[in-house]
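The next block holds one structure in the form of structure tokens; read it before the comments.
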Amino acid sequence: MLVLGDAHANTPDRRAALMRAYRAADPDVALQLGDLFYYDLPVETYFIAGNNEDFDVIDALRHGRVRSRNTRNVRLLDSRAVELEGLRIGGLSGNFAPTQYEKPRSALRGDRRRHFVRADVEALKRVGSVDVLLTHEAPHGTDVDEEYAVGCRPVDELISALSPDLCLTGHHHQHTETTFGDTRVITAAPAWDSYYELDPDTLAVTRHETPGPDEEAEV
């Protein structure tokens, strides 16, 4: 199972790097942790929306309205869980803004659609326990290097409620491995830097360097 961090694949170079990661991993299915921004993918990919997306596409995916040759093999995890390769995987789309959190999703307009709201978090809590939780924001205690205090209370609450063995998160463009209670937390490096393989039997996560264009040509 392929795991990808932020892709920002709305530019040709980033999109090419994303495709190289898929080709190098040759997966049956993929998980992606937000800021995807390109939705025509080679294999079935379950992803969470980040804070940098085409939010018209994200809204259409939320409501099952996408019918486009530019949107293929993408499945949005918007406060729901799926069964994949024997794992129960839940996902929370969006990032946290305290000023937007108590609003209904229908009140979010324009780029504000990038945020999750309380109703999204509460809906995901109701799915029950999961093996793997995908979030764009990180829980408290995550060892990333930022100029601000990292840690999102709603993500803390989700981990406590859903008891995942593994939480995979994006957003920070850094690879770290920490814990939150009994949950192992991995923040993923961006897709142009690294891709990951997740063993569904053991939940082992292996990091690989994404090939550059010259490296791929040599292979």
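Applying the selection to segment 20-52, what residues are open to solvent by 10 Å² or more (accessible area, probe 1.4 Å) and touching a His at 6+ places or on another chain (Cβ under 8 Å)?
Ala24, Ala25, Phe37, Asn51, Asn52
How many residues does segment 14-60 contain that are under 27 Å from Arg109 (Cα atoms), small (Gly, Ala, Ser) and under 12 Å from the mean Cα position of the chain (by Cα)?
Selection size over segment 14-60: 3.
Can you name the residue in segment 106-121 that is open to solvent by less than 60 Å² (accessible area, probe 1.4 Å) and of a type outside the set (A, V, I, L, M) and is also modelled with the lowest pLDDT among such residues?
Here the answer is Gly110.
Taking segment 138-157, which residues are in contact with a Ser or Thr (Cβ under 7 Å, 6 or more places away or on another chain) and either open to solvent by less than 10 Å² (accessible area, probe 1.4 Å) or modelled with pLDDT of 95 or more (or both)?
Ala138, Val155
Taking interchain pairs and intrachain pairs at least six residues apart, which have beta carbon atoms under 6 angstrom, with the first residue in segment 109-131 and under 20 Å from His171 (Cα atoms) and the second of a type in the set (Lys, Arg) and part of a helix (DSSP H, G or I)?
Here the result reads Val117/Arg105, each pair linking segment 109-131 to a residue that is of a type in the set (Lys, Arg) and part of a helix (DSSP H, G or I).
Could you please let me know if Glu83 is of a type in the set (D, E, K, R), at pLDDT 95 or above and under 19 Å from Gly5 (Cβ atoms)?
Considered against the rule, which asks whether it is of a type in the set (D, E, K, R), at pLDDT 95 or above and under 19 Å from Gly5 (Cβ atoms), Glu83 comes out as no.
Answer with yes or no whether Ala17 is touching a helix residue (DSSP H, G or I) at 6+ places or on another chain (Cβ under 9 Å), within 18 Å of His175 (Cβ to Cβ) and open to solvent by 20 Å² or more (accessible area, probe 1.4 Å).
In short, no.
Mind listing whichever residues of segment 110-141 are in a loop (DSSP other than H, G, I, E, B) and among the aliphatic types (A, V, I, L, M)?
Passing the criteria: Val117, Val127, Val130, Ala138.
Among the listed residues Thr179, Thr183, Thr206, Thr169, which satisfies the condition of being closer than 21 Å to Ala81 by Cβ and either open to solvent by 10 Å² or more (accessible area, probe 1.4 Å) or within 16 Å of the chain's Cα centre (by Cα) (or both)?
Just one listed residue meets the conditions, Thr169.
The values are calculated or read from the model by the stated rules, or taken from the named source; none is laboratory data. None of these values were measured; they are calculated from a predicted model. Because the Cβ atoms are built from the backbone with ideal geometry, glycine has one as well, and the counts that use them run over all protein chains shown. For the accessible areas, the whole protein counts, side chains as well, though only heavy atoms, and no ligand, DNA or RNA atoms are used. Shrake-Rupley method; radii C 1.70, N 1.55, O 1.52, S 1.80 Å.
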